[in-house]
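Each reported figure results from applying straightforward, stated rules to the coordinates on display, with no laboratory input. Fair warning: this is a prediction, and the values are worked out from it, not measured in the lab. Note that each Cβ is placed from the backbone with ideal geometry, even for glycine, and that neighbours are counted across all protein chains shown.
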Amino acid sequence: MTYYLASVTSSPSGAVFGSFLGLLVFVYFASRFVLFVTAWAATARENEQEEVPVPHPPVLHSEVVVRGGPSGGAAAGLLGAGLLTGWLGSRFLRHRRAGRS
């Protein structure tokens, strides 16, 4: 550590960026320290939890219902949408033909 700081501060770039490099070195060592402390705390015997029995997995039953066609409301909606589309399409085509003439 001492050798590294002495070599960094003696160079011209170290004089310009020395404080920033020192801050980066400090953050590196501080983060390593925090990493090792949290790993030690996580593996301590005092932090072990009691054994909890694992519940049985749920059993899911799927039910498939097959119908022959659309319901009455769906059929009426589809018929209405088709009629509206046809009516709007015929008005659009009449308007285009009238514009060409």
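Residue count for region 57-101, restricted to those that are polar (S, T, N, Q), assigned to a loop (DSSP other than H, G, I, E, B) and under 45 Å from the mean Cα position of the chain (by Cα): 2. Taking region 40-67 as the range and being of a type in the set (A, V, I, L, M, F, W, C) and surrounded by fewer than 10 Cβ atoms within 10 Å (Cβ to Cβ) as the test, the residues that pass are Trp40, Ala42, Ala44, Val52, Val54, Val59, Leu60, Val64, Val65, Val66.
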